[in-house]
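Heads up, the thing below is written out as structure tokens.
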Ligand code: 3PG
């Protein structure tokens with residue numbers, strides 16, 4: 001599955017920080033039940049790769065990927081765990097080469113016009129605008145759409161259920177990313193129904 005297809009599959013890509021591997025499957029099931037099946041598991045916790053493997057094995061409806069990839073070797077590790085795509089907060093040539101070598105669809109992070117052009121030169125036209133709020137969010141995306149309409153964005157960082165609809169209405173936004181779908185207190189309490197409700201609201205955000 002190509003990155004643009006993954007971006008079209010859900011209006012919101014949940015940014016998941018999974019501390020306990022045993023939370024992974026019920027969390028994924030709760031999100032899928034609410035209509036959110038693209039899941040970004042950030043490689044920020046020791047449990048992350050085990051969480052990816054558990055979701056890939058037990059929740060086939062989910063499209064599970066990894067986020068916070070910052071080292072080239074992480075693509076192959078993620079692939080072995082069952083990840084179907086990867087997200088990085090920024091892009092270097094080393095990361096681009098390693099993602100291709102691992103045959104891993106990549107959503108690379110950019111923040112400036114020069115970074116967009118560099119990503120296009122490296123063959124990526126589906127990009128994560130990160131950190132979106134600090135980069136100017138709506139205004140920045142509108143401004144980038146003039147000279148660089150070939151780039152499609154997933155703004156992430158500071159996006160909220162309130163700001164998401166306006167972002168999703170832009171022609172150069174494919175989806176948005178955000179951590180609000182899996183609040184830490186709800187995950188720790190095992191309140192999967194609350195997470196399904198948040199996912200349902202998020203899934204309805206694209207008109
Ligand atoms: C992150 O890296 O944690 C993401 O950008 C999510 O940001 P958010 O918590 O503002 O949604």
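Residue 206 passes every criterion in (1) in contact (Cβ under 8 Å) with a residue 24 or more places away in the chain; (2) within 16 Å of the ligand (Cβ to nearest atom); (3) within 17 Å of the chain's Cα centre (by Cα) apart from (2). Can you say whether residue 122 is within 16 Å of the ligand (Cβ to nearest atom), free of Cβ contacts under 8 Å to residues at least 40 places away in the same chain and surrounded by 16 or more Cβ atoms within 10 Å (Cβ to Cβ), as far as the supplied structure shows? So residue 122 fails the test. Residues in the stretch 64-79 that are in contact with a strand residue (DSSP E or B) (Cβ under 8 Å, 6 or more places away or on another chain) and within 16 Å of the ligand (Cβ to nearest atom): 65, 66, 67, 68, 69, 74. Of all residues in the stretch 1-26, those satisfying the criterion of being within 16 Å of the ligand (Cβ to nearest atom) and at pLDDT 95 or above are 7, 11, 12, 13, 14, 15, 16, 17, 18, 19.
Restricting attention to the stretch 32-53 and to residues that are assigned to a helix (DSSP H, G or I) and in contact with a strand residue (DSSP E or B) (Cβ under 6 Å, 6 or more places away or on another chain), the residue that is nearest to residue 7 (Cα to Cα) turns out to be 52.
For the stretch 163-174, a residue qualifies if it is within 13 Å of the ligand (Cβ to nearest atom) and either over 16 Å from residue 127 (Cβ atoms) or touching a residue at least 60 places away in the same chain (Cβ under 8 Å) (or both), and the qualifying residues are 163, 164.
Yes or no, residue by residue, for (1) farther than 12 Å from residue 28 by Cβ; (2) touching a residue at least 60 places away in the same chain (Cβ under 8 Å); (3) crowded, with 17+ Cβ neighbours inside 10 Å:
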site	(1), (2), (3)
51	no, no, yes
57	no, no, no
75	yes, no, yes
83	yes, no, yes
88	yes, no, yes
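The values are calculated or read from the model by the stated rules, or taken from the named source; none is laboratory data. Because the structure is a prediction, the values reported are computed rather than measured. Ideal geometry is used to build each Cβ from the backbone, glycine not excepted, and the neighbour counts take in all protein chains shown.
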